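The values are calculated or read from the model by the stated rules, or taken from the named source; none is laboratory data. Bear in mind that the values here come from a model prediction, so they are computed numbers and not experimental data. So basically every Cβ, Gly included, is an ideal-geometry build from the backbone, and we count neighbours across all protein chains shown. To get the accessible areas, we keep the full protein, side chains included, count just its heavy atoms, and leave off ligands, DNA and RNA. Shrake-Rupley method; radii C 1.70, N 1.55, O 1.52, S 1.80 Å.
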Amino acid sequence: MEAGHPPPTAGQFVVVGGGIAGVTCAEQLAIHFPSEDILLITASPVIKAVTNFKQVSKVLEEFDVEEQPSTLLENRFPNIKVIESGVKQLKSEEHCVLTEDGNQHLYKKLCLCAGAKPKLIREGNPYVLGIRDTDSAQEFQKQLTKAKRIMIIGNGGIALELVYEIEGCEVIWVIKDTAIGNTFFDAGAAEFLTSKLIAEKSEAKIAQKRTRYTTEGRKKEAQTKGNAGNIGSALGPDWHEGLNLKGTKEFSHKIHIETMCEVKKIYLQEEFRISKKKSLTFPRDHHNQSVTTDKEIWPVYVELTNGKIYGCNFIVSATGVTPNTGPFLCGNNFDVGEDGGLKVNDHMHTSLPDIYAAGDICTASWEPSPVWQQMRLWTQARQMGWYAAKCMAAASVGESVDMDFSFELFAHVTKFFNYKVVLLGKYNAQGLGSDHELILRCTKGQEYIKAVLQNGRMMGAVLIGETDLEETFENLILNQMNLSAYGEDLLDPNIDIEDYFD
Ligand SMILES: Cc1cc2nc3c(=O)[nH]c(=O)nc-3n(C[C@H](O)[C@H](O)[C@H](O)COP(=O)(O)OP(=O)(O)OC[C@H]3O[C@@H](n4cnc5c(N)ncnc54)[C@H](O)[C@@H]3O)c2cc1C
Ligand SMILES: NC(=O)C1=CN([C@@H]2O[C@H](COP(=O)(O)OP(=O)(O)OC[C@H]3O[C@@H](n4cnc5c(N)ncnc54)[C@H](OP(=O)(O)O)[C@@H]3O)[C@@H](O)[C@H]2O)C=CC1
């Protein structure tokens, strides 16, 4: 053992990370073993608790997330002890973790749930912001209140939410693809949503989604920012509800989309002034009107791979996440996936003895069901944390456990541009090649429904709007009924498909 450290506590169940995955895992372990102490070690002074959990259908689930002081968790589960200190080092051979407060903790079984970090287009550039936790979201808001124009890079969940929510600030949205929202939508769904984006945004306040964060937790977080370099838990749905996402201007929405390009070079103001040869591009809105004469001097200029250059106040890099596997895991020989996550098998077990992982940090490395894929989402963090606890419990008493049902079918419910969005199975025909057919139904401004079929069987679906079809489609994907005989009738609005199949 490390010289100078207090003697380690006895081996127990230890969970690292106070996000959805870690907290769910600790809670389940506490329920399985009421007479044992469960240690939850987290770098953030608030934890994320799942509340109001509702199983909407067999696989679809909805819940709220509350950011709470860790004492609330300890009150609910007297056998959970929370340590608010980052893990400095894992010593897997010694079954021990060292924390930044100078203590060491022996584990008999450990679950790593340390989440992920934003994957930024440029590390260390003060004008490039990522959004992950409460602190980074607040920093973004602070910068936005002084901004006239910002650039958003990326085409996934965060970018989709931001372009819809930001007001009073020009947005140059830079995407690699031809259509918006590539991580969730195909071109058809993107077109359906784009029409909403360019339509004048209603003055009415957008209906709230879910999630409330307690100010209690926030206050405490502000007071205890002692864990320099450590990240807080990821935000979740409705993270922007409490933030005033308004720039300095009076207009509502001004978005210019640059498709099929990436960032080539970022110039600071001074660098740009020196390279005078470059001429500025004036951004245009959807009517091809110049939105500015651009006499402005901007703090930062961005050259895109299509040759255009835009000045802006700052850049948001909404370009995905990287699993948070270092430096506290250095020196341990984990198998990692292509995306850098800790590989876990069908029992959430990593490649090292007695170490499990769940949530954004891990890479699912089992042979998945044909209609499931990993995405770093809230629901999967909860499901993985829950299932990891079940596997840890079973292993410690020598029992076997079957794969949890939630991994049978990918199911995600969320909101984009104020539409309810349900994604099921291979919703974008991922991995199906050209051997599939799509059946579509679209009513502009109201709903967009897409069913993905292969050999007459439904493999996935996208449901945008209040379609009420999620349960029926979920069943059709799960039971793999041959739907060839129904053809296009499957989405005929005159046929009540729910009655047909339920
Ligand atoms: C802006 C934003 C919006 C999102 N919106 C949605 C959405 O609408 N729907 C959806 O499904 N998903 C959404 N997500 C994704 C979702 O939030 C994550 O997938 C999920 O929260 C991951 O949970 P986790 O527990 O694995 O990790 P995290 O929530 O990141 O938790 C990791 C925990 O580990 C702790 N930690 C890190 N390092 C250490 C260390 N060395 N020692 C101790 N503790 C450590 C952290 O402090 C934190 O408590 C969003 C993400 C972001 C950033
Ligand atoms: N409502 C919801 O469900 C929400 C979910 N989230 C989740 O939070 C996490 C973080 O969100 P986000 O950052 O948007 O991540 P996402 O993974 O959703 O999207 C990242 C986007 O950035 C693109 N990209 C990656 N690298 C570059 C680059 N160098 N230049 C330009 N574009 C690039 C990706 O394109 P490509 O795919 O081609 O690599 C993709 O379009 C994700 O796990 C996401 O699923 C976030 C907000 C809302």
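General observations
- Of all the residues in the range 91-126, those that are assigned to a strand (DSSP E or B), of a type in the set (D, E, K, R) and within 15 Å of ligand 1 (Cβ to nearest atom) number 2.
- Residue match in the range 481-500 (condition: within 30 Å of E167 (Cβ to Cβ) and open to solvent by 70 Å² or more (accessible area, probe 1.4 Å)): no
- Residue that is farthest from ligand 2 (Cβ to nearest atom) [pool: residues in the range 339-388 that are of a type in the set (A, V, I, L, M) and within 13 Å of I20 (Cβ to Cβ)]: A388
- Residues of the range 435-473 that are more than 17 Å from F184 (Cα to Cα), surrounded by 23 or more Cβ atoms within 10 Å (Cβ to Cβ) and of a type outside the set (A, V, I, L, M): F473 alone.
- Sole exception among (1) open to solvent by 10 Å² or more (accessible area, probe 1.4 Å); (2) away from ligand 1 (no atom under 16 Å from the Cβ); (3) assigned to a strand (DSSP E or B) for G311, by number: (1)
- Single residue of H286, H347 found to be modelled with pLDDT of 95 or more and assigned to a loop (DSSP other than H, G, I, E, B): H347
- Every residue from the range 324-345 that is surrounded by fewer than 17 Cβ atoms within 10 Å (Cβ to Cβ), within 15 Å of ligand 1 (Cβ to nearest atom) and within 19 Å of C96 (Cα to Cα): G326, P327, C330, G331
- Test result for E338, modelled with pLDDT of 90 or more and either in contact with a Ser or Thr (Cβ under 6 Å, 6 or more places away or on another chain) or assigned to a loop (DSSP other than H, G, I, E, B) (or both): yes
- For the range 116-143, the candidate set comprises residues that are more than 22 Å from the chain's Cα centre (by Cα) and in contact (Cβ under 8 Å) with a residue 12 or more places away in the chain; within that set, the residue that is nearest to ligand 2 (Cβ to nearest atom) is N125.
- Looking across the range 457-493, just one residue is assigned to a loop (DSSP other than H, G, I, E, B) and small (G, A, S), and that is G465.
- Qualifying residue in the range 127-136 (condition: under 24 Å from T183 (Cβ atoms), more than 14 Å from ligand 1 (Cβ to nearest atom) and not in a loop (DSSP other than H, G, I, E, B)): yes
- Residue in the range 346-357 that is open to solvent by less than 30 Å² (accessible area, probe 1.4 Å), charged (D, E, K, R) and farther than 30 Å from V302 by Cα present: no
- Selection status of V397, open to solvent by 10 Å² or more (accessible area, probe 1.4 Å), in contact with a Leu (Cβ under 6 Å, 6 or more places away or on another chain) and of a type outside the set (F, W, Y): no
- Test: residue in the range 152-168 that is more than 11 Å from ligand 2 (Cβ to nearest atom) and part of a loop (DSSP other than H, G, I, E, B): yes
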